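Student: To start, I am sharing the structure in question, which I have written as C-alpha cells.
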Amino acid sequence: MSKKTVFLVIAILIAIVGIFAYLNSDYIKDKKGMHINAEIMLKEGDKETLLTFDEIKKLGEEEFRANLKSGGNPAVEHSYRGVPLKNVIERANVDTEDKTQVIVRAVDGFTSAYNISEVLEDNNMYLAYMMDNEPLKSREDGGDGPYQIIVRKDQFSQRWAKYVLEIELQ
C-alpha cells in the first residue's frame, strides 16, 4: 500500500469520527447534564420518566450495609443510603409482569443487565446515593456516583454499577 493510500484512509477515518462526534454532541451534552444534576431516566418502550434527586429520596429511603470488594483487596463492609430499585420502577408506573430484565446504563458507557425477579426481590437491589454518611461523588470528582446500583446478595460486588444514569425495563 502506498503512503498516499494510507494517508487518504486515515483522513477519511478522522472525518468520519468528527462527523459522528458532531452528530452526537447534543446527546452527550444532555446525558452529562443529567449526571451533573443527579437525574435518572427511567425507560420502558417509548415511555420515559425523568427523576430528580429529591423525587428519588422520597421513594422510601433506607440505610443498609453491603460488602464492597474492589480489585484484589478483601471485601469491606460499608453503610449505604438509598432506595430499593423496585420502588424506583414502581414510581414510573410500569407493569413488570411482562418484563424479564432491567438494563442499567452509566455515564461512562458501562451497561449491566439484571433479571427482573432479583430487582423485585426484597432487600436485594438498591439505588444508592450515600456511602458511610457521605454523598457519592460524581465521576469527575473521583467518586462512584451520584448514583450506584448495589446488589446486596452479590458477595463479591461484581455486578454493581456506578455512575448510573439510565434504567430501562425490557
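The values are calculated or read from the model by the stated rules, or taken from the named source; none is laboratory data. Fair warning: this is a prediction, and the values are worked out from it, not measured in the lab. Note that each Cβ is placed from the backbone with ideal geometry, even for glycine, and that neighbours are counted across all protein chains shown. Surface areas here come from the heavy atoms of the whole protein model, side chains and all, with no ligands, DNA or RNA. Shrake-Rupley method; radii C 1.70, N 1.55, O 1.52, S 1.80 Å.
Student: So which residues in segment 109-159 are in contact (Cβ under 8 Å) with a residue 60 or more places away in the chain, surrounded by fewer than 16 Cβ atoms within 10 Å (Cβ to Cβ) and among the hydrophobic types (A, V, I, L, M, F, W, C), if there are any at all?
Tutor: PHE156
Student: If only one of ALA128, ALA113 is in contact with a Gly (Cβ under 8 Å, 6 or more places away or on another chain) and either under 17 Å from ILE40 (Cα atoms) or not in a loop (DSSP other than H, G, I, E, B) (or both), which one is it? Walk me through it before giving the result.
Tutor: On the way: ALA113 fails: in contact with a Gly (Cβ under 8 Å, 6 or more places away or on another chain).
After ruling out the rest, the residue left standing is ALA128.
Student: Restricting attention to segment 53-98, report how many residues are open to solvent by less than 50 Å² (accessible area, probe 1.4 Å), in a loop (DSSP other than H, G, I, E, B) and out of contact with any helix residue (DSSP H, G or I) (no Cβ under 9 Å at 6 or more places or on another chain).
Tutor: Step one: of segment 53-98, the residues open to solvent by less than 50 Å² (accessible area, probe 1.4 Å) are 56, 59-60, 64, 66, 68, 78-80, 82-89, 92, 94, 96.
Now restrict to residues that are in a loop (DSSP other than H, G, I, E, B): 59-60, 92, 94, 96.
Filter again for out of contact with any helix residue (DSSP H, G or I) (no Cβ under 9 Å at 6 or more places or on another chain), leaving 92, 94.
Qualifying residue count for the region: 2.
Student: Out of the residues in segment 80-133 that are at pLDDT 90 or above and hydroxyl-bearing (Ser, Thr, Tyr), state the one that is farthest from PHE64 (Cα to Cα).
Tutor: Among residues in segment 80-133 that are at pLDDT 90 or above and hydroxyl-bearing (Ser, Thr, Tyr), the one farthest from PHE64 (Cα to Cα) is THR100.
Student: Next up: Can you tell me which of SER70, SER112 is of a type in the set (Gly, Ala, Ser) and in contact with a Lys or Arg (Cβ under 8 Å, 6 or more places away or on another chain)? Outline the logic, then answer.
Tutor: Values: SER70 fails: in contact with a Lys or Arg (Cβ under 8 Å, 6 or more places away or on another chain).
Among SER70, SER112, only SER112 is of a type in the set (Gly, Ala, Ser) and in contact with a Lys or Arg (Cβ under 8 Å, 6 or more places away or on another chain).
Student: Evaluate the following for VAL102: is it β-branched (Val, Ile, Thr), under 12 Å from the mean Cα position of the chain (by Cα) and open to solvent by less than 50 Å² (accessible area, probe 1.4 Å)? Break it down into steps so the answer makes sense when it comes.
Tutor: On the way: β-branched (Val, Ile, Thr): yes; under 12 Å from the mean Cα position of the chain (by Cα): yes; open to solvent by less than 50 Å² (accessible area, probe 1.4 Å): yes.
Taking the combined requirement at face value, the residue satisfies it.
Student: I need a count of the residues in segment 18-38 that are modelled with pLDDT of 80 or more and either of a type in the set (Ser, Thr, Tyr) or open to solvent by less than 40 Å² (accessible area, probe 1.4 Å) (or both).
Tutor: Looking only at that region, the number is 1.
Student: Considering only residues of segment 134-152 that are assigned to a loop (DSSP other than H, G, I, E, B) and closer than 20 Å to GLU90 by Cβ, which is modelled with the lowest pLDDT? Outline the logic, then answer.
Tutor: Kept after step one, since they are assigned to a loop (DSSP other than H, G, I, E, B), are these residues of segment 134-152: 136-137, 142-144, 146-147, 152.
Subsequent filtering for residues that are closer than 20 Å to GLU90 by Cβ retains 147, 152.
Details: TYR147: 96, ARG152: 90.
Restricting to residues being assigned to a loop (DSSP other than H, G, I, E, B) and closer than 20 Å to GLU90 by Cβ, the top hit is ARG152.
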